[in-house]
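First comes the structure, then the notes that go with it.
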Amino acid sequence: LSLHDALPISATRILAFGDSLTAGLGVAPNDAFPAQLGARLKADGYDVTIDNGGVSGDTTADGLARFDWTMGDHPDIVLLELGANDMLRGLDPKRAETNLDAILAKLKAAKVKVLLIGMRASSNWGADYRKSFDAIYPMLAQKYDVPLYPFFLDGVALDPKLNQADMLHPNAAGVAVIVSRIARAVEKLLGKPAE
């Protein structure tokens, strides 16, 4: 018997699949992105369960490597947030694109709805790297005809009040800002809440 056997069948299962930004590195579990998003969606009338499939330090290659195992319970929707660690390590954007492409192909084959969540390169890698990296997400969203939330850290990046001391990971208040901005995109995938 798994944890999900006890859940009502009606609940829409959402898998937040990503790295430390999804996992909630440095914040309490109930302040992590999946928990705060779940609370927001429930407040908005949605019957959802959100699984935290975030692993700190994961690159797109790591995500691809654990993808099949993580998808074992077959969620209805996947929020795909990977690429920040590829960028921070200066890995070839083509590799990140290939890995994300493979994940999206698997999701399409499994007929799972997806919200692709983008990342943006920091300027320290130079203009060419930034251009190549930033182009990955819009291109893949178009290729797979999936909605794109362009930048996970929109409204939060580089704001000391919304980030932990490392200025890479949002604090609880930063996560709340992210949730307030991304919730509409997730709700669009969910459709109207059941009355």
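Exactly one condition in (1) open to solvent by 40 Å² or more (accessible area, probe 1.4 Å); (2) modelled with pLDDT of 95 or more is false for residue 7; which is it?
Result: residue 7 passes all but (2).
Give the number of residues within segment 136-180 that are open to solvent by 30 Å² or more (accessible area, probe 1.4 Å), without any contact (Cβ under 8 Å) to a residue 40 or more places away in the chain and aliphatic (A, V, I, L, M).
Number of matching residues: 7.
Within segment 142-150, identify whether any single residue is modelled with pLDDT under 95, closer than 24 Å to residue 37 by Cα and not in a helix (DSSP H, G or I), and answer yes or no.
The first filter runs over segment 142-150 and keeps only residues modelled with pLDDT under 95, leaving none.
The answer is no, given that none of the residues of segment 142-150 is modelled with pLDDT under 95, closer than 24 Å to residue 37 by Cα and not in a helix (DSSP H, G or I).
Quick check: anything in segment 55-63 over 21 Å from residue 162 (Cβ atoms) and among the acidic types (Asp, Glu)? Reasoning before the result, please.
Going residue by residue through segment 55-63, those that are over 21 Å from residue 162 (Cβ atoms) are 55, 57-63.
Still in the running and among the acidic types (Asp, Glu): 58, 62.
Within segment 55-63, one or more residues are over 21 Å from residue 162 (Cβ atoms) and among the acidic types (Asp, Glu).
The values are calculated or read from the model by the stated rules, or taken from the named source; none is laboratory data. Please read these numbers as outputs of a predicted model, since none were measured by experiment. Using ideal geometry, Cβ is built from the backbone for each residue, glycine included, and neighbour counts are taken over all protein chains shown. Accessible surface areas use protein heavy atoms only, side chains included; no ligands, DNA or RNA. Shrake-Rupley method; radii C 1.70, N 1.55, O 1.52, S 1.80 Å.
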